[in-house]
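Note sheet for the following structure.
All of the numbers you see were taken from the coordinates with simple rules; none came from a lab. For clarity, every value in this text was computed on a predicted model and none was experimentally measured. Note that each Cβ is placed from the backbone with ideal geometry, even for glycine, and that neighbours are counted across all protein chains shown.
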Amino acid sequence: MTKGDLIENLSIRGDLKLTKRNAEVAVNALFEAMTDALVNGDRIEIRGLGSFNVKDRMPRVGRNPKTGDVVPIPACRVPSFVAGKSMRARSSS
């Protein structure tokens, strides 16, 4: 599902009565808030879905697969998602 698909699904739900524009504003606001929280190092937990957090990766040495040259890979922070218990149960059935 893409961001556009998500906006479309929200706009056609009868119980929400959202226009496509309002659905887009809501989705953008949600993603912006989540991004800001992760950038600040906060953990996001959504019951029934899972949790997002940021993990620190240590610097390491990689290898260019084409040439075989050793390439240093610097330390970085990467987002991580762990599915919640109910999400895992729904996806396995």
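Laid out as a table, the results:
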quantity: Selection from ASN64, SER86, ASN53, by position along the positive dipole direction of region 43-93 (Cβ); calculated: SER86
quantity: Residue exposure sequence - SER51, SER11 - by fewest surrounding Cβ within 10 Å; calculated: SER51, SER11
quantity: Of ALA37, ALA75, ALA83, the one that fluctuates the most in a GNM where the chain has Cα springs shorter than 10 Å; calculated: ALA75
quantity: Degrees separating the helix 3-12 axis from the principal Cα axis of the chain, which is the longest one; calculated: 10
quantity: 20 Å Cα-Cα reach of LYS3 towards lysines, excluding residues that sit fewer than 8 places from it in its own chain; calculated: LYS17, LYS20
quantity: Relative contact order [Cα under 8 Å, 6+ residues apart], the chain, whole percent; calculated: 20
quantity: Overall form of region 1-41 per C-alpha gyration tensor (a/c, 1.5; a/b vs b/c); calculated: prolate
quantity: Difference of contour (0.36 nm per residue) and Cα-Cα distance, THR2 to ALA29; calculated: 8.1 nm
quantity: From the coordinates shown, Cα extents along the principal axes in Å corresponds to which of (1) 60, 37, 29; (2) 57, 31, 30; (3) 42, 26, 21; calculated: (2)
